[in-house]
Amino acid sequence: MQLHELVNTIGQDLQRRYGEKVHKLTLHGGFSCPNRDGTIGRGGCTFCNVASFADEETQVKSIVDQLTDRAGEIARAKKYLAYFQAYTSTYAEVQVLKNMYEEALKAADIVGLCVGTRPDCVPDSVLELLSGYVEQGYEIWLELGLQTANNDTLKRINRGHDFEVYEAITKRARALGIKVCTHLIVGLPKETKQDNLETLDKVLKVGTDGIKLHGLHIVEGSTMAKAWKAGRLEAPSLEEYVDIASEVIRRTPADVVYHRVSSAARRPTLLSPLWCENRWLAMTEIGRALNKEGAQGALVGQPFEYTLPILK
């Protein structure tokens, strides 16, 4: 079976509910980050260099122009989610956010928003704004960069918040009908497979609607890059990542939607591991592992059962 038959992916979840393909269109809103500008810290998280996954040049374009450009790159969908991805996309005055979000929502064929942010940057005013869009019938995902539930690791990577902050905002958002997608990183310094499994257990206990898995990658311009160049840090091998990611997936109930099961970065920004450059490599290997050991939810008695989506 293919990966989408073994994992409840965001693509098939949307297709099942909307009756047609719905794609995310990534946007750069020109946001900063409180962990970079001195509000809570400087230098950012030790793994971060946004240039490894986002085109910095796009931030000079309007939201509508960016959406038009992105939609033109995708021929298989006619409906889209506007994904505010780069940096902290709730880090502005609420009126500024409202203007930007609604510029996206008014664009043709946009059915909702995905808003990437930090757990400590979602005040009540932003939750109220997003919940208002939910009430209007839009698809709204709050994508929270947790990375790990281990507070020692969060401090070590200069994250600037603890797990308890994530727990509180997740509960508040979901109580308002806002879907939460939790971002997790496999391979953080000094973390083991058991740490990853304990993080998953804590996330599931709090409750989440989606998960996005990333393998740690070392990128130029990050603090971790210095440690890697000095031989003090190693990124996970493909085999290590697949082993951990596939077990995390098997331990995840089938009703949790996976927005991503692996991450990719590009050279020359990407330093290690080079397998991250090929976005399909880890996905293929995870599919093989799940075919052998069981689909999503197999280890918690809630296995995923693939059904063909009904198309319009």
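Please tell me if residue 88 is at pLDDT below 85 and more than 17 Å from the chain's Cα centre (by Cα).
The answer is no for residue 88.
For the range 271-312, which residues satisfy the criterion of being free of Cβ contacts under 8 Å to residues at least 60 places away in the same chain and of a type in the set (D, E, K, R)?
Listed by number, the residues that qualify are 277, 279, 285, 288, 292, 293, 305.
What number goes with the only condition from (1) out of contact with any Leu (no Cβ under 6 Å at 6 or more places or on another chain); (2) in a helix (DSSP H, G or I); (3) at pLDDT below 85; (4) surrounded by 14 or more Cβ atoms within 10 Å (Cβ to Cβ) that residue 104 does not pass?
All conditions pass for residue 104, except number (3).
For the structure I just gave you, tell me whether residue 211 is over 21 Å from residue 116 (Cβ atoms), out of contact with any helix residue (DSSP H, G or I) (no Cβ under 6 Å at 6 or more places or on another chain) and open to solvent by less than 10 Å² (accessible area, probe 1.4 Å).
No, not satisfied.
Could you list, in sequence order, the residues of the range 90-105 that are more than 16 Å from residue 131 (Cα to Cα) and not aliphatic (A, V, I, L, M)?
Within the range 90-105, 91, 93, 103 qualify.
Can you name the residue in the range 112-128 that is over 15 Å from residue 27 (Cα atoms) and aliphatic (A, V, I, L, M) and, of all such residues, is surrounded by the fewest Cβ atoms within 10 Å (Cβ to Cβ)?
127
Checking the conditions here, which among 171, 202 is open to solvent by 20 Å² or more (accessible area, probe 1.4 Å) and either under 18 Å from residue 214 (Cβ atoms) or among the aromatic types (Phe, Trp, Tyr) (or both)?
202
If you check 36, 76, 42, 70, which single one turns out to be part of a loop (DSSP other than H, G, I, E, B), of a type in the set (D, E, K, R) and modelled with pLDDT of 60 or more?
Result of the check over 36, 76, 42, 70: 76.
Of all residues being out of contact with any helix residue (DSSP H, G or I) (no Cβ under 6 Å at 6 or more places or on another chain), part of a helix (DSSP H, G or I) and among the β-branched types (Val, Ile, Thr) in the range 223-273, which is surrounded by the fewest Cβ atoms within 10 Å (Cβ to Cβ)? Just the residue, please.
Here the residue is 223.
Filter the range 129-163 for residues that are among the β-branched types (Val, Ile, Thr) and modelled with pLDDT under 95; which is surrounded by the fewest Cβ atoms within 10 Å (Cβ to Cβ)?
153
Is there a residue in the range 185-198 that is free of Cβ contacts under 8 Å to residues at least 24 places away in the same chain and either in contact with a Ser or Thr (Cβ under 7 Å, 6 or more places away or on another chain) or not polar (S, T, N, Q) (or both)?
Looking for residues that are free of Cβ contacts under 8 Å to residues at least 24 places away in the same chain and either in contact with a Ser or Thr (Cβ under 7 Å, 6 or more places away or on another chain) or not polar (S, T, N, Q) (or both), one finds none in the range 185-198, hence no.
Can you give me the number of residues within the range 179-199 that are of a type in the set (Val, Ile, Thr) and surrounded by fewer than 21 Cβ atoms within 10 Å (Cβ to Cβ)?
Residues that pass the stated criteria total 1.
The values are calculated or read from the model by the stated rules, or taken from the named source; none is laboratory data. Predicted model only: the values in this text are computed from it and were never measured. Using ideal geometry, Cβ is built from the backbone for each residue, glycine included, and neighbour counts are taken over all protein chains shown. Ligands, DNA and RNA are excluded from the accessible area calculation, which covers all protein heavy atoms including side chains. Shrake-Rupley method; radii C 1.70, N 1.55, O 1.52, S 1.80 Å.
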